[in-house]
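Engineer: Below is a structure I'd like to ask you about.
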Amino acid sequence: MAQLVLLPGKDRSLARRHPWIFAAAVEKLSGRARPGDTVDVVAANGRPLAKAAWSPESKIRARVWTFNPDEIVDDAFFKRHIQAAVERRQLTPELRGQDGLRLVHGESDGLPGLIADRYGDTVVLQLTATGPEKWRQAIIHALQRATVCARIYERSDSHVRRLEGLPPVTGWVFGAAPAERLCIVENGVRMQVDVVAGHKTGFYLDQRDNRLLTRTLAADRATLNCFCYTGGFSLQALAGGASSVLSIDSSGPALATAIDNLALNPQLDANRAEWREADVFTELRALKSAGQHFDLIILDPPKFAPSAAHAERAARAYRDINAYAFRLLNRGGLLMSYSCSGGISSEYFQRIVADAAVDAGRDARILRRLAAPPDHPVALHFSEGEYLKGLLCQVD
Ligand code: SAH
């Protein structure tokens, strides 16, 4: 097996169990390795540190599979670690009855570059690095075994694959497309999941608990859901008895699915729902000019800052929409505001929201900090990672 030799002193982040080895930490590769091959990682003095997947084209030159230099990376490795990830979800009672669930969350489950989501009896697999790419078949078998699913769809079309020199790969890798459209029931609400063309692997599973929170807060509230996608927050707000729900998204197809989703839930009062295809930045201003007010506003925008380099521009965008949301709230109104930008820390996000309240001339407090649910565990060493962060604020 080839050896990846680190430069002196560059083993510190590995000692802290951070699984990424950047190009600048590498002295040399002794021996030959193809992309995705497992290499022995050794310190400058030759001390064995880890086994990692080699990725020559990426700035992240290798990702650690195991910090135990004696552990063998083979089919059984994936069987063991995927089984453990699936069992980890069983630790949380409220996850047990969920149709839609993240089974493997990359680095946070010790499997860098591997995402697996379950939607009923369908599993969606996403490989984002050379390591899991090499072990595709072992991973597919391990997922079949651990989940007893009917079918697996591969959705390896994330843009980050380009950084690894990998082309997009999509298609059914086990079983065939289901005869009916795929639906899940999320906390009592039926939602379609388009694993082929939907965002991410088809659905925003990371907002499940926050959508449920919306339901518990929505009673009798005039609600505005910005960036509604397929209506997840909107439908939960209706389920919670919102007096009205105005939902905005710039994507016509997403709104069409949202409207279909509402029709799949005859228990909800469709007359209280209004859908608007618009740019949120423009529409918030238009609502303000029209003198509209709301009691609950949800802001769940796309990632404005994929990395720290975009943080400043993103901060201005977050501040803008949050300030408008504060202006549109009635007294005692609630704002649920989210960011999934890797480049914006939770402290920074709080400062942006605080500045936005000042811009709007409103006094507000944080009632609750909002995060992703337990099927999206957080790697200890990824404090600034792309994790969902949010604030529930109330204005005076
Ligand atoms: N809250 C959703 C997920 C939101 S994803 C859920 O729980 O499922 C972000 C959404 O923002 C996408 O649907 C995208 O179409 C929409 N979007 C992106 N930029 C926008 C803009 N400027 N105005 C309106 N919608 C936008």
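The values are calculated or read from the model by the stated rules, or taken from the named source; none is laboratory data. Predicted model only: the values in this text are computed from it and were never measured. All Cβ positions, even for glycine, are placed from backbone atoms using ideal geometry, and neighbour counts span all protein chains on display. Heads up: the accessible areas ignore ligands, DNA and RNA and are worked out on the full protein's heavy atoms, side chains in. Shrake-Rupley method; radii C 1.70, N 1.55, O 1.52, S 1.80 Å.
Engineer: Every residue in the stretch 299-309 that is open to solvent by less than 40 Å² (accessible area, probe 1.4 Å) and in contact (Cβ under 8 Å) with a residue 40 or more places away in the chain, please.
Structural biologist: Selection gives 299, 300, 301.
Engineer: Now a separate question. Which condition does residue 112 not pass, out of (1) open to solvent by less than 30 Å² (accessible area, probe 1.4 Å); (2) out of contact with any Phe, Trp or Tyr (no Cβ under 8 Å at 6 or more places or on another chain); (3) touching a residue at least 60 places away in the same chain (Cβ under 8 Å); (4) on the phi < 0 side of the Ramachandran plot, if it passes all the others?
Structural biologist: (2)
Engineer: When you scan the stretch 1-101 for strands (runs of 3 or more DSSP E) that lie fully inside it, which ones turn up with 2 or more residues that are among the aliphatic types (A, V, I, L, M) and in contact (Cβ under 8 Å) with a residue 40 or more places away in the chain?
Structural biologist: Answer list for the stretch 1-101: 3-6, 48-54, 60-66.
Engineer: Looking at 175, 171, can you tell me which residue is at positive phi and either touching a residue at least 24 places away in the same chain (Cβ under 8 Å) or buried (at least 17 other Cβ atoms within 10 Å of the Cβ) (or both)?
Structural biologist: Answer to the selection: 175.
Engineer: Can I ask one more? Kindly evaluate residue 236 against the criterion of being open to solvent by less than 10 Å² (accessible area, probe 1.4 Å) and at pLDDT 95 or above.
Structural biologist: Yes; evaluated as a whole, the condition is true for this residue.
Engineer: Among the candidates 238, 246, 287, 296, which residue alone is in contact (Cβ under 8 Å) with a residue 60 or more places away in the chain, touching a Lys or Arg at 6+ places or on another chain (Cβ under 7 Å) and over 23 Å from residue 196 (Cα atoms)?
Structural biologist: So the residue among 238, 246, 287, 296 that is in contact (Cβ under 8 Å) with a residue 60 or more places away in the chain, touching a Lys or Arg at 6+ places or on another chain (Cβ under 7 Å) and over 23 Å from residue 196 (Cα atoms) is 296.
Engineer: On to the next question. Residue 271 passes all but one of (1) open to solvent by 40 Å² or more (accessible area, probe 1.4 Å); (2) in a helix (DSSP H, G or I); (3) under 21 Å from residue 333 (Cβ atoms); which number fails?
Structural biologist: It fails just one condition, (3).
Engineer: Among the numbered conditions (1) surrounded by fewer than 20 Cβ atoms within 10 Å (Cβ to Cβ); (2) on the phi < 0 side of the Ramachandran plot, tell me where residue 225 comes up short.
Structural biologist: For residue 225, the failing item is (1).
Engineer: Show the residue pairs that are 6+ apart or on different chains and have beta-carbon atoms under 9 Å apart, the first residue being within the stretch 206-229 and within 8 Å of the ligand (Cβ to nearest atom), the second being assigned to a loop (DSSP other than H, G, I, E, B) and of a type in the set (S, T, N, Q).
Structural biologist: 211/187; 227/250; 229/251
Engineer: Is one or more of the residues making up the stretch 258-270 of a type in the set (Asp, Glu) and either within 12 Å of the ligand (Cβ to nearest atom) or modelled with pLDDT under 95 (or both)?
Structural biologist: no
Engineer: Is there a residue in the stretch 7-18 that is modelled with pLDDT of 95 or more, touching a helix residue (DSSP H, G or I) at 6+ places or on another chain (Cβ under 7 Å) and under 19 Å from residue 130 (Cβ atoms)?
Structural biologist: No, every residue in the stretch 7-18 fails to be modelled with pLDDT of 95 or more, touching a helix residue (DSSP H, G or I) at 6+ places or on another chain (Cβ under 7 Å) and under 19 Å from residue 130 (Cβ atoms).
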